Each structure stands twice: as structure tokens, then as C-alpha cells.
Amino acid sequence: MAEELIVNNTATKEEKYQSLIPQIEALVTGEPDLTANLANIASALKYGMGFFWVGFYLVKEDELVLGPFQGPIACTRIRKGKGVCGTSWEKAETVLVPNVDEFPGHIACSSDSKSEIVLPAMKDGEVALILDVDSDQLNDFDSVDQEHLEKLMRVVEKLL
């Protein structure tokens, strides 16, 4: 597949995901390098969905360490159980936050971030990395985002 996304900007959120995820899957199929794949996935989500910030944190020993991302500079290391990302890692589940200011222990890497969704990817029964998506709008993520981003994380898990 050519390194080009086809996104209909007038489509609904659901339609954008339905178009985007198969394109992402085609983009990463056959590419063995995890960093290259995560970088392209972050870019595809940022530009395909118009998110404020999209990135991956990889589990390295007892911390999440910043991986490929798109958007403003970010926190480099996050401890297990800290902030939204560390909570998703600790619980091994998706965490959807309508208003980050109301999340206990939120780590404000950017004061422009208002809502967030974080999803884990599993390898051998353990969280191997997480996807962090931030919006500069309150209450920007919902069950549609969760459903489709969880499908995307199954694609990511095949890369691990």
C-alpha cells in the first residue's frame, strides 16, 4: 500500500474509523519493525481522526517510556498506576476520561489536553504498550472511539 491515507473529512466518526483501521492494517502488514509501525499508526490516527495528541508508551521494566507519537512534546516516563496511562497499564484495560481535570492524579503533560482515552496492548498476558489519545476538547471520546480503538489495538498486538 502506498503511504497515503484516504479520509473523508465529512464522514461521521464511525465511518472514519471504518475506513481508517483497514488502511492502517494494510500499512503495517509485512513491516517487521515495531517502531516504524507505531510511528505510522500514530500519524494515521492524528491526521485521519484529527486528534490533538496520539502516541504510544512502551512498558520497559517498571515504567512506561514514551514511544512514537504525534503532537506536542510529552511526558517521557510514567510509573505504573500514575495518571491515566499508568492506570490503564495497572488495570490492563481501556480508560476513558471525559475531563482530565477530574481524574485523580492526572499527569498534565500538556495543559491543552482536556479529555483522553488510553488503551493497552497485551503480549503473553501482560501489557506491553499503551496507546494514549488526547483531545483539546472536553468529553471528546465515547463508546465509538473505544470500540474502534480497541479493534486497532488487536492489530497492534499482532505486531508485538
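The values are calculated or read from the model by the stated rules, or taken from the named source; none is laboratory data. Computed from a predicted model, the values in this text were never measured in an experiment. Cβ: placed from backbone, ideal geometry, glycine included. Neighbour counts: every protein chain shown. Accessible surface is based on the protein model in full, side chains and every heavy atom, while ligands, DNA and RNA are left aside. Shrake-Rupley method; radii C 1.70, N 1.55, O 1.52, S 1.80 Å.
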*Considering every residue within segment 127-137, establish whether at least one is surrounded by fewer than 17 Cβ atoms within 10 Å (Cβ to Cβ), in contact with a Lys or Arg (Cβ under 7 Å, 6 or more places away or on another chain) and at pLDDT 95 or above.*
yes
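Take Ala92 and tell me if it is at pLDDT below 95 and of a type in the set (Gly, Ala, Ser).
Details: at pLDDT below 95: no; of a type in the set (Gly, Ala, Ser): yes.
The answer is no for Ala92.
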*Give me the pairs, please: first residue somewhere in segment 137-149 and assigned to a loop (DSSP other than H, G, I, E, B) and polar (S, T, N, Q), second residue anywhere and open to solvent by less than 60 Å² (accessible area, probe 1.4 Å) and at pLDDT 95 or above, beta-carbon distance under 6 Å, and either six or more positions apart or on two chains.*
Asn139/Ser115
*Considering segment 12-53 alone, what residues qualify as being crowded, with 16+ Cβ neighbours inside 10 Å, touching a residue at least 60 places away in the same chain (Cβ under 8 Å), more than 13 Å from the chain's Cα centre (by Cα) and farther than 19 Å from Leu160 by Cβ?*
Tyr17
_Kindly evaluate Gly83 against the criterion of being surrounded by fewer than 19 Cβ atoms within 10 Å (Cβ to Cβ) and more than 13 Å from the chain's Cα centre (by Cα)._
no
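State whether the residues of segment 98-118 include one that is in a strand (DSSP E or B), surrounded by fewer than 17 Cβ atoms within 10 Å (Cβ to Cβ) and either more than 15 Å from the chain's Cα centre (by Cα) or modelled with pLDDT of 95 or more (or both). It would help to see each step written out before you state the result.
Quick first cut of segment 98-118, residues in a strand (DSSP E or B) only: 115-118.
Of the ones still in play, those that are also surrounded by fewer than 17 Cβ atoms within 10 Å (Cβ to Cβ) are none.
No, segment 98-118 contains no residue that is in a strand (DSSP E or B), surrounded by fewer than 17 Cβ atoms within 10 Å (Cβ to Cβ) and either more than 15 Å from the chain's Cα centre (by Cα) or modelled with pLDDT of 95 or more (or both).
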